[in-house]
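Everything on this sheet refers to the single structure shown next.
The values are calculated or read from the model by the stated rules, or taken from the named source; none is laboratory data. As the structure is a prediction and not an experimental result, all values here were calculated from the model. When we count neighbours, we look across all protein chains shown, and the Cβ atoms used for this are built from the backbone with ideal geometry, even at glycine. For the accessible areas, the whole protein counts, side chains as well, though only heavy atoms, and no ligand, DNA or RNA atoms are used. Shrake-Rupley method; radii C 1.70, N 1.55, O 1.52, S 1.80 Å.
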Amino acid sequence: MQDNIMVIERCLTQRRELQLQKRNQDYEIISNGVFLMSTYNGDSERKLVTLALRFSSNPQKVLVAGLGVGYSLQEMLGETQVKEIVVLELETKIIEWNYTYFSPLMGNYLKDPRIRIIQEDLLTWLDSTEDKFDIICIDIDNGPEWTVMESNCRLYTEKGLYALSKILNPYGVVSFWSSSASENFHNRLKNYFSNVKEYQVESKRGEPDYIYLGLNYDKQ
């Protein structure tokens, strides 16, 4: 059966072209002509959160970097220990589409009072923030070696990982989403976190996704 695809909106931001389209009953976001995310399978995005929660003893304040279509945020909202969630999203349009399309489709998660959305670049924000977090979940690229924008590469370098480690509370956890394995990134994480873990998440539509965890304490 042929898919029914309808383009809902196409726009140029300061950084790239974004397109929102509907494929049958689900939504897809295309960035500069390349598939970025969709609402039809959020398993690995949810795993980004559940794995971080598994290794956090007191997840009260959380940072979610990359709003996407809301799967990671929605999963975090299901944890009753979480008191505050700061969401960083660079693109105003993605925030708008969450309010207009994705949140109503998935239980109106953006109405939760624990959420504070900041429209800013993660790297810029890291240079100025004084906030500290128990969990940091990062999903702003297709992985450390396949970034949406060239400037994002800095996040996965020594400088970026150091900045993340400095805003993590004692016994904190940082998790990264990636569409592929990266041995170099795995090894680099070990320079800044006491314990590093890699998890493979099977995908129904192709190769598995990967979740990388950095813990600032030793735990098996």
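The figures follow:
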| item | result |
| --- | --- |
| Set S31, S38: member being in contact with an Asp or Glu (Cβ under 6 Å, 6 or more places away or on another chain), among the small types (G, A, S) and either at pLDDT 95 or above or on the phi < 0 side of the Ramachandran plot (or both) | S38 |
| Top-ranked residue in region 165-182 [being in a loop (DSSP other than H, G, I, E, B) and either open to solvent by less than 20 Å² (accessible area, probe 1.4 Å) or not hydrophobic (A, V, I, L, M, F, W, C) (or both); ranked as nearest to V62 (Cα to Cα)] | I167 |
| Subset of region 14-28 that is at pLDDT below 90 and within 21 Å of V148 (Cα to Cα) - its residue that is least open to solvent (accessible area, probe 1.4 Å) | R16 |
| Residue list for region 105-128, restricted to those being loosely packed, with under 13 Cβ neighbours inside 10 Å and in a helix (DSSP H, G or I) | K111, T124 |
| Residue check for D43: under 16 Å from the mean Cα position of the chain (by Cα), within 21 Å of L105 (Cβ to Cβ) and of a type in the set (D, E, K, R) | yes |
| So E198, is it free of Cβ contacts under 8 Å to residues at least 60 places away in the same chain, open to solvent by 30 Å² or more (accessible area, probe 1.4 Å) and in a loop (DSSP other than H, G, I, E, B) | no |
| Some residue of region 203-210 being free of Cβ contacts under 8 Å to residues at least 12 places away in the same chain and closer than 28 Å to T124 by Cβ | no |
| Positions within region 73-95 being open to solvent by 10 Å² or more (accessible area, probe 1.4 Å) and either of a type outside the set (A, V, I, L, M) or not in a helix (DSSP H, G or I) (or both), in sequence order | Q74, E75, G78, E79, T80, Q81, K83, E84, E89, L90, T92, K93 |
| Sole residue being more than 26 Å from G70 (Cβ to Cβ) and either touching a strand residue (DSSP E or B) at 6+ places or on another chain (Cβ under 7 Å) or at pLDDT 95 or above (or both), chosen from V196, V148 | V196 |
| In region 183-195, the residues that are open to solvent by less than 30 Å² (accessible area, probe 1.4 Å) and not in a strand (DSSP E or B) | F185, L189, F193 |
| Selection count where residues are assigned to a strand (DSSP E or B), among the hydrophobic types (A, V, I, L, M, F, W, C) and touching a Pro at 6+ places or on another chain (Cβ under 9 Å), scope region 134-164 | 1 |
| Given (1) under 17 Å from the mean Cα position of the chain (by Cα); (2) modelled with pLDDT under 95, index of the condition K204 fails | (1) |
| Options S31, S38; residue that is in contact with a Leu (Cβ under 7 Å, 6 or more places away or on another chain), surrounded by 16 or more Cβ atoms within 10 Å (Cβ to Cβ) and over 15 Å from E96 (Cα atoms) | S31 |
| Only one of K83, K132 that is touching a residue at least 12 places away in the same chain (Cβ under 8 Å), under 11 Å from L63 (Cα atoms) and over 17 Å from the mean Cα position of the chain (by Cα) | K132 |
